[in-house]
Structures are given as structure tokens and as C-alpha cells.
Number of protein chains: 4
Amino acid sequence: MKTIKPLREKKDTAIFLIYCPDKQGILATVTEFLNRNNGNIIYLDQHVDREEKIFYMRVEWELHGFTIPTEKIGEYFDTLIGSKLQMVWKLYLSEATPKMALFVSKMPHCLFDILSRYTAGEWDVEIPLIISNHKTLKPVAERFGIDFYHFPVTKENKEEQELAELALLKEKGIDFIVLARYMQILSEDFVSHYPNKIINIHHSFLPAFAGAKPYHAARERGVKIIGATSHYVTSDLDAGPIIEQDVTRCSHVDTVQKLVRKGRDLEKIVLSKAVYKHLQRKILVFNNRTVVFT
Amino acid sequence: MKTIKPLREKKDTAIFLIYCPDKQGILATVTEFLNRNNGNIIYLDQHVDREEKIFYMRVEWELHGFTIPTEKIGEYFDTLIGSKLQMVWKLYLSEATPKMALFVSKMPHCLFDILSRYTAGEWDVEIPLIISNHKTLKPVAERFGIDFYHFPVTKENKEEQELAELALLKEKGIDFIVLARYMQILSEDFVSHYPNKIINIHHSFLPAFAGAKPYHAARERGVKIIGATSHYVTSDLDAGPIIEQDVTRCSHVDTVQKLVRKGRDLEKIVLSKAVYKHLQRKILVFNNRTVVFT
Amino acid sequence: MKTIKPLREKKDTAIFLIYCPDKQGILATVTEFLNRNNGNIIYLDQHVDREEKIFYMRVEWELHGFTIPTEKIGEYFDTLIGSKLQMVWKLYLSEATPKMALFVSKMPHCLFDILSRYTAGEWDVEIPLIISNHKTLKPVAERFGIDFYHFPVTKENKEEQELAELALLKEKGIDFIVLARYMQILSEDFVSHYPNKIINIHHSFLPAFAGAKPYHAARERGVKIIGATSHYVTSDLDAGPIIEQDVTRCSHVDTVQKLVRKGRDLEKIVLSKAVYKHLQRKILVFNNRTVVFT
Amino acid sequence: MKTIKPLREKKDTAIFLIYCPDKQGILATVTEFLNRNNGNIIYLDQHVDREEKIFYMRVEWELHGFTIPTEKIGEYFDTLIGSKLQMVWKLYLSEATPKMALFVSKMPHCLFDILSRYTAGEWDVEIPLIISNHKTLKPVAERFGIDFYHFPVTKENKEEQELAELALLKEKGIDFIVLARYMQILSEDFVSHYPNKIINIHHSFLPAFAGAKPYHAARERGVKIIGATSHYVTSDLDAGPIIEQDVTRCSHVDTVQKLVRKGRDLEKIVLSKAVYKHLQRKILVFNNRTVVFT
């Protein structure tokens, strides 16, 4: 169903995401490296955490005219700069469209939002497959023309189902996973295959109301604002690095059912914003916290 | 594609939307009328505008056990109460599912959001058709299984095209119209057929940046917040009664393109919230302003 | 320093705050009682919690021309209506200006905000005294012309200090207490003297980050939004009925120090909003939750 | 009344605010200049407007150990870098505390908020005087111990009064002016003495409801959100570069009087945020728009 003209125009660029111990001159060193080799910088943002003494940077430049061959950029950079400055760095090329898998259960709102953006061409991504523990949303997948795989997970078969899922994800070349209201907890082993590459949406303003039934808990506590939180999944439930949060007002008139309804809008927007930031390579994770560049 | 189980449970209820000159005892009079005839009130909200001296009310009650026959409620109410108190009132029955027409142009985000909610069963509505001045979004309509009508409008043929549209809308029994980023201005005559029954989304925080290209104007003016506004269409462009507004922060880093992207999320949510309020019969219009009950 | 002309004009009115088990006709019964005795209603709001089956109401009417003598209103209402419907009700007269005590420690921002509104005449309240466990803010109290009492509280003397405070509060006829960043925990016994009459501001979005050092905890968790919460104090720390909450965005650039700075603006506004709602008699508490009328 | 210990600790630093035509290597050039002369950078932020091709930068570094004498920094920088790159730049030293004049009329809320922050030591600023066209707020000035000057302005005497004000401002060494709900329009001549150095608060979400009585206009238009806007004053009324905006929800229940009340909280916070950004030297103005660094 990808029939609508993409909204984005893709330039041939490369991106470095970097962090390292802070010291004088890092920024100058990196920008000189790009300038000297004729790389036209089109985005540069950096942040220094002066308490932790960590330097964070995202820089994007045009590959057209860049004098280092694309396949050698990483090697040169690491030899000349990265290893000397103890950098943890990643290089991304705009030409490589990432592959995303969707995990869903029964609720369709996040799935619809993601597939709508996908079909509308809002994102530079491929979605080769949807995985679910229920068949409920199969018709949605079919209408959008995405392969749908049903892995009914039980306490007994969880381990083997996850192995089968991992095999399928590997076969399809999946780069990252989005849990679009997937109501299962992934095992620590599963998560370890996709570190900071599984994005979840939790239907509360974390750390408030972690775990099950947050809208019931919110109603019970009588809060005046509810929220939603997207985060990378770690082995610690609902405790991974937060990417994006948003909130909306509620009051005594809001029953649990009304909170659920209000929450749906928050959830889908917050999740999609996190996915977009991830796709733009604008997120760095350190110490269970994110740096999200603007 | 309406394959997903509806989220709502429909009770057999009736709703009065009322306004009239304020005086003592109106609320008591209406609630007594319902109580005396064994109507179990499940929602009641009222507002008195003490400056304009107008009383507004929305009351919903269960028809099960109500002692006045459903088809006689309006007559009895008007005779016994409404005409004496100079009430403008409307009676809605929950059993009647309203029919909505969508008007679109080329941008799909609001359309996707509405069709997603429709398919997910979030709303009690029927959508018999989509009308557009372009064929761009026909594939979207097809995938969701909605009839799509193409009315290419030019300066020359506008009058006849609108007449043809009106005929089609009448034939399909359309109750109200949603302009989901429809980039044409409807004629005063067209609008007069659907007073306070055409909902538009404008991509600015009205009354700022009415008219064309609001994101360009917002960038030019250097605002720090952008918004979206849903309103009923009147013959006065972008000046009809406002139903819902929302905003999001922006800054000097936001180019027009980025504002457009941010704005899409606002637009679709604000429009869908307005449609939902309209479907719930929670909006009263007086003096070009809305009363929107919670 | 109350030199500025009050912003409000005070009408001679009475207010009922009521809750009771829901049943048909309560609203009509109360409004008829007022109408029949020539009480001109200038505010009426009600809410039915259909899950808990509780009816909540706030009604305000003009005493001028009301045919029941002011001192008899409570008795008549209870005899004719309240006791029959198992109502918990309170009657407030606009002529009685409530007396508020402020408890502070070292941080001045909430104190300044409250005294500024007081001096500007924003609120109908008297502030006979400020109590503190430190002398830091004594100069502020003096400049605004409010009596300042220093009660240095230690683990050892807490019980006797609280008794002395209670005696002073009683002597001064204090109706309710506002903890304007008072960094001590009040004993269960102290709290029991002012049930739902002690308003606290907690510098987090409760229930997230209850207890000490919430901005440190927020930074540590990497949240993208921080908040503040005003609530009535109960014997359970930071767990009383929430009156008002608000939030603001933060990011990886916000150190603890910056969060503290951002938080100050939230705290003072959220606390003052809660105080204003309390002064307007717009808050009902049931089941550790508030109903806050608009 | 500056009796409370300042919240800030002042380091001995210098700040460059720079903009110039964008080209490769500017960032590297500036940071190298500081690094080579042993300047420890503690803040650096930059932005490139790729549409206008303008480079913006704010950099702050510690003067301790910097090898260029403080009084020579500007000269060296301009000779070695600034003039070659066509930079518009300003140098600020943290040791110089700016002097601010307040202009007020009758409404005290913004004045109280500013004086409270001043007294609490939130800001690094001196406030030598308050100027007003009315005597209403003189008692407030006196209580906070600030000199108050009454300049009653009429249509006839405006020119001479402004000249007298300018003379006084010059005599007191005022660096910038804050209009804290000053209800007079300053003449073009007056404004020309303080370009981008007069901060105003307008009580609407500009460009909506520019001019007089914005809350009346908001009520009339039936908006669902109201706002406040702080901006630099230019000769074009309410059209200067916007520094900060914020909004709050309203509804049909909000009379003009209630909007005014809600608006006061917005106004004072938005104005104080703008003043703080100005004091931090975080605002650049180009083309009637601001770049506000975080």
C-alpha cells in the first residue's frame, strides 16, 4: 500500500553518533576531520554532561565530494581520532534504510498510527513483518500489505517461541523492534539480542504506575494528569532509558474507560515520536539515560 | 475493514441539548420531567453564561423504562417545557448512528487517523463516502473499503460541482461533514446546507495565521508555539465557532518543513477530538462560540 | 502592606458543598429548596461518580432576599433534605474570610508568591502568621508585615513543638494551613487536627518520586518531563488527595540545579492554584481523591 | 531587602554571542581560539539556519588561566577572527552585573514576581529603579526598597516625560528595561535608545490579539487556549522579536474576569523567563526573530 509519494527527500549523507570522556578540543578535532576532507556539515549538535564529564555529539555531512571513500570512513575515523579519545561511536549512512519489526497484541491504535505514517511516507524505514501473540490484528496487517506472523506465547512455550521469533527477525534482517502495545514481557535473553534497539510504549508517566493496569492505578490515586512513556527495553521492566514522554490533563470525571481513551492518543503519538527520533539516529544512550538531539 | 470489535458498548439512551434564556428553576424543571417519567439520568451537565444570561444543558437518560414513548418525547417536552421557556433544543437517540462524509485533498494524515479510529471501532459513526478534488488518496479509501468520489473543482465549475456533491450527500443521508485537510473553500451556499455540521481543521492557533500557509507565517513571525484549531465552518473563512485547539512548542531550529511535520500530529488529534465531541452530542453553538461539555 | 485595592468584589453569598449516595432527584431537590426560598443561584456544578454511586455538588446562591435566616440555613437544610439523603454537607458564608497559616523552611519562592497574591488582593483570606523551623525567611515576613514564629524542630522536641504550634494556631483562629515548602514531616497527631485542611506542595509529579530529593531522582531516572503536586496532607507521606498538578519539559541538558530552578516556577503556581481552589470552596474529598469543581 | 543568600554561584567567565554568514569551519575556528589560549569552555551551543545561511553561536569559558588579558579579548578576537568572518559579536563578562529598570502601571503581579526573584537572589541583576505613570505601586517598591519614580504621561507631555526618563536611565547606568505590564506605548525615539533591550509582556498569544484588551477579544472569539508573549519592543506595536510564549486551556466557563486571572500567572512566568534568558546572554536577534539558546 506504499502508494503515496514519500514526504522526505533523501540526501546522500553520513552520520556519526559519538560519546567519550570530555576534554578540550574534541569538537574542533571532529569538525576539522570532516572539513579537511571536504565534508559539508549539514547538522551538528553536541552536549557536554559536566557532572559525568561525558561529551556527546551528532554530526551529519554530505558524502558528495567527501574525499574519504565511504567504506573507509569508519576505519580512518577510528584510527585518527576515535581510539585516541576513547570514543564510543557509530556511523550511519542515509542510503541504508533500516528494517523495523512490529510486535502487537490486540490493541490497534499504535499499529494504525505507525502503518499510516509508513504508508504516507513520513519515515525512511522498511517494515517487513508484524509479530503478534494474537490473531486479532491480522486483518489490519493484511490491509496494509505487511506480513503477519502469529506466535501464541504461553508460560510453557515462551522460550521456544522467542527463539523462533529471533530466527525470523534474523532471517528478515531486522534492525530494531517496536512494541506497539505488545502485552508480553520479553525475556532477558531476547532483549540481549537487541540492546537499545527495542522501543516500547508504556501507558503511564514513568516511573509512576510501572507495571500492569496503569490507568486503573491512576484513577485510584486520583492524579490530575496522565501520561505515556516510550523507552528502550532493558531486562528491568519499564525501567529502560526514556526516549519521550507526554501528558494530558484529567479530572474526577474521568473514569478508567475515559482515561484509556485519552491515553490512546498520547500513546500513539509518543511512540511514533520515539520511533522517528530513533530513525533519525538522534538518540544516544549512556548510564540508562538518553541524550535526544533536537 | 470494520473487522475489529467495537470498543464502545451502546446503551439505549436519549440526549437533550438545550439552550434558552436563563431564569430560576430550569434545571429543576427538566430533571423533574425526566424523573417523573422514570428516566434514569446517566449524564447531566449545565452551564449558565451569566453575562449573556443564557442557560445551556446536556442531559442523557436511559430509555429503558421511560414512560413516554420514544417518538413522543420531543412533542411532550416542547409542549410542557420547551416552548414555555423559549428553549432551542435538540433530541438525539443513541440508536441512530450518524453518517459522516469526509472531504480530503492530498494530505493523508487526518484521513488515516479518522479511518483508523473508525475501523478500530472507537466511534459510533458510519462513513459512507469520501469526496476529494484530487485522486491522490483514492488508494487509501480503497484499502479501508470506503467509496471514493472525485470532484475536480475549478473556479469555473465550482458551483455545479458543489451541487453535485450536495446531491450525493443527500442521497447517502449524510448528517455531517469533516474537512480532513480539504484545501478548497466551500461556498456560502454549500455551507448553508450544513449549519454547524461541517467540521474543519485549520493548521494554526486561530485567530493567529488564518488563511493560507500558516506554517510559513509562523516561521516568519518567529513564534515559540504552534497550534491547530478545529471549528465549525461558516461563510466567514477560518472564523467559525472553535471546537478544540492544541499547541506544541517550537524554536528557531524549526524550519517550515519541521513545523509542517510537528503540525501534522497536532492537526489529526485536534480534528479527531472535535469529531468525537460532535458525535457525542456534546457541543452547543451560540453567538459564534461553542459550549463543549466534558 | 495590604495597600493595593482588592481585585475581587465580594457578594453576600452562601455555598453548599455536598456529597451523598446517588439517587434520582437529588439535584432537583436541592435547587427547589433554594428556589422556593428565593435564593438566586449564581453557581451550580455537580458530578455523579457512577462507579462509586456518589453524588457531588457545589451550589452558591445570593443571600440577599433569601427567606431563611442565615443562621438557620444549616438546620433547615439538614432537617428537610440532608439527613434524609444521608448527605455529608458543609455550608460556607462568603462574609467569613478564612484564616490561613503558612509553614515555611528556607526556600522563599512559594512564600513570596503567596504573599504577593495576598498583598495584591487576589485572594479573600487573612494570613495572621507564618511558622518556620528556621529564621531564614523572617525578613520576608517582616517586609510583608506578617507575624513570624520560629519553632526550631528537632527529633527530641518535635512533640512539644507541635503542641505549641497547635496552641498558637488555635489562639489565632486558623482555619487551614499551607506548607509552602516546609521541609518537616508533620506528625499524625498534628495532621488529625486539620483533616483535609493542610495543603502541601511536593516537588514532583506524584506518585513518581515521592519522598526526599525528587529532582535528583528525576535526573537519575532520565525523565523528559518534571512536575509538581499539591495535595492535602494525610498521615501517609506524599499520599494524600491530589488537588492540582502541573508539569514542564526537561531534557538531558538539565542538571539537578536546572531542574530545581525550573521546578520552582511549577511549585509556586501549582500550590497557589490549590490554595485558590480551597479558598473558593471548590474541593470535595472522598476516598482519598478530590472532586475539584471548575 | 536583599537579605536572602543568593542561589547562584558566580564563576569568573566570559561569553561570546556571535552570528555571521555560514561557512565551513567557523565553529572549529572559534573553539580553537579559546583552546589555544587555555580557555576552558563550560558552555557551547550553536545553530545554523540553513535557509538564511546564518551561523549563530554562544560560547562561555572560564577566565581563570586564559592567556589573553580580559581587556584585550575583544580586540584580539575581532582582529584574528571576527572581522575576517564578518561576525556580529558581543562579549559579556560575568563580573559585570547588568542594571535593569522596571516600568509598571497599576497591575502588581509581574512586579511582585520580578522583585521576589530579585530579593531571593535568583537572578544576577541590579534593579536601581522602578518607573511608573501611576503611583499605585509605590508601596510595593518601598517595601522591597527600590527607588520609585512617578512620571505621569499624557498625550501632551509624553515627549518631555520620555526625555526625562531617558536622562534618569542614563544617569543610573541602566542596561535594559522590563515593561512589567506598563500600559503605555513607548515612542519610536525612546525605543531607539534601547534596541533589543526593552522586554515587554503582552497578555495574548501573539500574533493573535495584538493591541488592547486581548482577553476580551479571546472571550469574544471563543478560543480554547489563551497565552502570553514576551518580546523585545520595536517601533512596531506588539510585533517585536518573540522571546518566550506560554499558554493555558480555557473554556466556555471562563468569563473575561476569569481569563484575566488565569492570564496573570502566565504573564508573570513568561516575562520572568524572558528576563532570565536575557540575563544569561542567551538571546540573539536577527531579522526580527530570536535564537534562544538552551
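Work out the length of the dipole vector of chain A about its Cα centre, built from +1 on the beta-carbon of each Lys and Arg and -1 on the beta-carbon of each Asp and Glu, and round it to the nearest 20 debye.
On the way: 40 positive and 37 negative charges, 221 e Å.
I would put it at about 1060 debye.
Considering only A:Phe209, A:Gln280, A:Ile199, the residue lying farthest towards the positive end of the dipole of segment A:196-294 is A:Gln280, judged by Cα position with unit charges set on Cβ. Taken one residue at a time, the phi angles of segment D:37-46 give Karplus couplings (6.51, -1.76, 1.60, θ = phi - 60°) of 9, 6, x, 7, 6, 10, 8, 8, 9, 8 Hz. Gly and Pro are set to x. Along each principal axis, taking the top coordinate minus the bottom one, the Cα set of the protein assembly as shown gives 87, 73, 69 Å in descending order. Label points for B:Arg50 are taken 7 Å from Cα along Cα→Cβ. From this copy to the others they lie 3.0, 5.2, 5.6 nm apart, shortest first. Once the Kirkwood radius over Cα pairs is known for segment C:196-294, the Stokes-Einstein relation at 25 °C and 0.890 mPa s delivers a diffusion coefficient of 179 µm²/s. Surface composition of segment D:105-231: carbon plus sulfur atoms hold 51% of the accessible area, using a 1.4 angstrom probe and ignoring ligands, DNA and RNA.
Counting Cα-Cα pairs of segment A:211-262 in 5 Å increments starting at 0 gives whole-percent bin shares of 5, 19, 27, 21, 16, 10, 3, 0. Within segment A:13-93, all pairs of alpha-carbon atoms sorted by distance into 5 Å bins from zero give the percentages 3, 15, 30, 27, 16, 6, 2, 0. Calculated FRET efficiency, D:Lys53 to B:Arg249, Cβ-Cβ distance, R0 = 30 Å: about 0.75 to the nearest 0.05.
Screening chain A for whole DSSP H helices of 27 Å or more along their axis (Cα) with average Kyte-Doolittle hydropathy at least -1.0 returns A:256-279. How many percent of the alpha carbon pairs in segment D:101-194 exceed a separation of 16 Å? The share of Cα pairs beyond 16 Å in segment D:101-194 comes to 52 percent. For C:Cys250, the residues whose amide H sits under 5 Å from its own are C:Ile225, C:Ile226, ignoring neighbours fewer than 5 places away on the same chain, with H placed 1.01 Å from N.
As a test, work out the antiparallel percent of DSSP beta bridges whose residues both lie in the protein assembly as shown, rounded to the nearest 5. Don't skip to the end; give the middle numbers.
Details: 156 of 220 bridges.
So the antiparallel bridges amount to about 70 percent of the total.
Each part reduced to its alpha carbon centroid, segment B:215-247 and segment B:117-148 end up 25 Å apart. In this label model, D:Ser192 and B:Thr67 are separated by 8.3 nm, measuring between points 7 Å along each Cα→Cβ vector. The lysines whose alpha-carbon is closer than 17 Å to the alpha-carbon of B:Lys262, local same-chain residues fewer than 8 away aside, are A:Lys268, A:Lys273, A:Lys277, A:Lys282, B:Lys213, B:Lys224. Counted over all Cα-Cα pairs of chain C, pairs farther apart than 35 Å make up 25 percent.
Solvent-accessible surface, computed for protein heavy atoms with a probe of 1.4 Å, shrinks by 50 Å² or more for the following residues of segment A:105-125 when the other protein chains are added to the isolated chain: A:Phe112, A:Glu122. According to the calculation over all Cα-Cα pairs in segment D:147-188, the P(r) per 5 Å bin from zero is 5, 18, 30, 32, 13, 2 %. Label-point spacing at B:Gly173 relative to the other copies reads 5.2, 6.9, 8.2 nm, in ascending order, each point sitting 7 Å out from Cα along Cα→Cβ.
Each residue was assigned an accessible area with a 1.4 Å probe, and for A:His150 the value is about 70 Å².
The trypsin sites (Lys or Arg not before Pro) of segment C:225-294 include none that meets both criteria, a DSSP state outside H, G, I, E and B (loop) and at most 12 other C-beta atoms within 10 angstrom of the site's C-beta. Pairs of Lys residues in segment C:101-194, spaced 8 or more positions apart or belonging to different chains, with C-alpha separations under 22 angstrom: 12 in total. Helix-only arithmetic for chain C: the sum of -39500 (n - 2.57) across DSSP H runs with n ≥ 4, divided by the residue total, places the mean residue ellipticity at 222 nm at -8500 deg cm²/dmol.
Evaluate Rg over Rh across segment B:1-141, taking Cα atoms for both radii and Kirkwood's formula for Rh.
Working: Rg = 19.6 Å, Rh = 17.8 Å.
My calculation of the ratio gives 1.10.
The residues of segment A:138-250 expose on average 42 square angstrom of accessible surface per residue, using a 1.4 Å probe on protein heavy atoms. Computed about the Cα centre, the dipole magnitude for the protein assembly as shown is approximately 0 debye when only Lys and Arg (+1) and Asp and Glu (-1) carry charge, each at its Cβ.
Hey, with R₀ at 22 Å, roughly what FRET efficiency would C:Tyr149 and C:Ala210 work out to, going by the Cβ-Cβ distance, to 0.05?
In this case the efficiency is close to 0.15.
With a 10 Å cut-off around each Cβ of A:218-230, the average count of Cβ atoms from other chains is 5.
Between identical copies, the spacing of B:Val253 label points, each set 7 Å from Cα toward the C-beta atom, reads 0.7, 3.8, 3.8 nm from nearest to farthest.
Exposure check, 1.4 Å probe, all protein chains in place: D:Asp236 carries approximately 90 Å² of accessible surface. Each residue was assigned an accessible area with a 1.4 Å probe, and for A:Ile185 the value is about 100 Å². When the accessible areas of B alone and D alone are added and the area of the pair subtracted, with a 1.4 Å probe, the result is around 2900 Å², both sides summed. Modelled spin labels at D:Lys135 and A:Phe286, positioned 7 Å past Cα toward Cβ, are 6.1 nm from each other.
Using unit Cβ charges (K, R positive; D, E negative) and no other charged atoms, how large, in debye to the nearest 20, is the dipole of segment C:196-294 about its Cα centre?
On the way: 16 positive and 8 negative charges, 51 e Å.
Roughly 240 debye for segment C:196-294.
Close amide H partners of C:Thr290, meaning residues 5 or more places away or on another chain with modelled amide H under 5 Å apart, are C:Ile242. Summarising the strand pairing of chain C, around 70 percent of its internal DSSP beta bridges are antiparallel. Probing with 1.4 Å while keeping every protein chain in the model, the per residue accessible area of segment D:13-93 equals 45 Å².
Distance to the B-onto-A rotation axis is smallest for one chain B Cβ; residue and value in angstrom are B:Arg143, 3.
Enumerate by residue number the GluC sites (Glu not before Pro) in segment B:121-219 meeting two conditions: DSSP loop (anything except H, G, I, E, B), and at most 11 other Cβ atoms within 10 Å of the site's Cβ.
On the way: sites: B:Glu122, B:Glu126, B:Glu142, B:Glu156, B:Glu159, B:Glu160, B:Glu162, B:Glu165, B:Glu171, B:Glu188; in loops: B:Glu122, B:Glu156.
For GluC sites (Glu not before Pro) across segment B:121-219 that sit outside H, G, I, E and B with at most 11 neighbouring Cβ atoms in 10 Å, the list reads B:Glu156.
The values are calculated or read from the model by the stated rules, or taken from the named source; none is laboratory data. Please read these numbers as outputs of a predicted model, since none were measured by experiment. Cβ coordinates were reconstructed from backbone atoms using ideal geometry, including for glycine residues, and neighbour counts include every protein chain displayed. Protein only, heavy atoms only, side chains kept; ligands, DNA and RNA dropped before computing areas. Shrake-Rupley method; radii C 1.70, N 1.55, O 1.52, S 1.80 Å.
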